[in-house]
Amino acid sequence: MSADLSARLDLRRRARRRTRLRRILLGTLGAAVAGVLVWLVLFSSVLETRQVSVEGTGILTAEQVTQTAQVPIGTPMARLPGGAIRQRVLALPAVAEVRLHREWPNELVIRVTERTMVYQRADEAGYQWVDAEGRIFHAEAERRPGVVAIVSGNDQRMLADVATVVQAMPSQVAEATEHVEATSIDNIVVLLADGRSIVWGNAEKSAQKAEVLPALLDMPGTVFDVSVPSHPAVS
């Protein structure tokens with residue numbers, strides 16, 4: 001019995017040794033594979049950046065975005081400084097949002113969302129495009145279709161308030177508008193092409209002001225005051 005027990009114990013010890021050896025071998029193999037993958041992704045030229053493409057541009061050109069992005073060609077895709085690239089592109093006035101997408105194995109796609117023009121601000125040089133946040137992001141010598149505004153100063157809040165007014169205007173009013181004048185945040189006036197004018201006041205309660213306009217404009221008069229929408233006036 002003792003010899004049989006000794007043999008069985010010996011078999012168990014050998015089995016445990018084999019199990020430990022397999023675990024060591026598998027662990028070593030796993031570490032080696034992981035090391036190869038890390039090297040492949042982070043350091044090898046197999047997955048390096050070789051091409052940059054740009055999507056979503058209209059005002060800007062793909063070349064302008066690419067030059068501004070300064071993507072380090074030859075850098076492994078996984079090690080690209082995405083945050084820095086994104087911030088550089090966001091510095092372009094016309095850009096509202098940037099997303100980077102890695103097309104493995106070798107291409108970086110820069111997806112740009114440009115700002116949307118709400119109105120054009122007229123100045124001596126031409127027409128500046130202004131978005132809903134009151135940001136001037138583009139300029140052209142010629143007028144494009146859409147509302148034009150003459151705004152005193154460069155205060156972003158005033159520019160944004162004019163954008164609020166323009167966005168609230170009923171479409172038929174926007175189409176009939178010659179231009180909008182804003183000398184202060186409390187003195188925004190819409191001048192219609194037929195010579196009539198709408199005293200809007202400030203940008204507060206613009207939705208309510210827009211609601212009362214259609215019926216008001218059907219009345220005889222040349223000046224339509226909606227600065228207090230609960231008590232509009234015609235003169």
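The values are calculated or read from the model by the stated rules, or taken from the named source; none is laboratory data. Just so we're clear, the structure is a prediction, and the values are computed from it rather than from any experiment. Cβ coordinates were reconstructed from backbone atoms using ideal geometry, including for glycine residues, and neighbour counts include every protein chain displayed.
Structure summary
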{"item": "Filtered residue count, region 77-114, keeping only those that are assigned to a strand (DSSP E or B) and not hydroxyl-bearing (S, T, Y)", "result": "16"}
{"item": "Scan of region 177-218 for residues that are of a type in the set (A, V, I, L, M, F, W, C), more than 31 Å from the chain's Cα centre (by Cα) and part of a strand (DSSP E or B), ordered by number", "result": "L191, L192, I198, V199"}
{"item": "Residue that is at pLDDT below 95 and either among the basic types (K, R) or at negative phi (or both), where the choices are D131, D186, D161, D123", "result": "D123"}
{"item": "Matching residues in region 209-235 - criterion: being more than 15 Å from A174 (Cα to Cα) and among the small types (G, A, S)", "result": "A215, G221, S227, S230, A233, S235"}
{"item": "Matching residues in region 182-209 - criterion: being surrounded by 19 or more Cβ atoms within 10 Å (Cβ to Cβ) and of a type in the set (S, T, N, Q)", "result": "S206"}
{"item": "Sole residue being assigned to a loop (DSSP other than H, G, I, E, B) and out of contact with any helix residue (DSSP H, G or I) (no Cβ under 7 Å at 6 or more places or on another chain), chosen from G134, G221", "result": "G221"}
{"item": "Members of region 149-170 that are part of a loop (DSSP other than H, G, I, E, B), surrounded by fewer than 18 Cβ atoms within 10 Å (Cβ to Cβ) and not small (G, A, S)", "result": "N154, D155, P170"}
{"item": "Leading residue by the ranking (surrounded by the most Cβ atoms within 10 Å (Cβ to Cβ)) among those in region 137-148 that are under 24 Å from the mean Cα position of the chain (by Cα) and part of a loop (DSSP other than H, G, I, E, B)", "result": "V147"}
{"item": "Single condition R86 does not satisfy, out of (1) under 18 Å from the mean Cα position of the chain (by Cα); (2) over 19 Å from F137 (Cα atoms)", "result": "(2)"}
{"item": "Residues within region 81-110 that are under 20 Å from G58 (Cβ atoms) and either assigned by TED's automatic domain parsing to the domain that holds Q156 or without any contact (Cβ under 8 Å) to a residue 12 or more places away in the chain (or both), tallied", "result": "2"}
{"item": "Residue in region 137-155 that is in contact (Cβ under 8 Å) with a residue 40 or more places away in the chain and at negative phi present", "result": "yes"}
{"item": "Cβ pairs under 8 Å, 6+ apart, first in region 172-187 and in the same structural domain as V162 (by TED's automatic domain parsing) and within 21 Å of R143 (Cα to Cα), second small (G, A, S) and outside any loop (DSSP other than H, G, I, E, B)", "result": "V173/A210; H179/A122; H179/A149; V180/A149; E181/A149; A182/A149"}
{"item": "Conditions (1) touching a strand residue (DSSP E or B) at 6+ places or on another chain (Cβ under 7 Å); (2) surrounded by fewer than 19 Cβ atoms within 10 Å (Cβ to Cβ); (3) not polar (S, T, N, Q); number of the one not met by V112", "result": "(2)"}
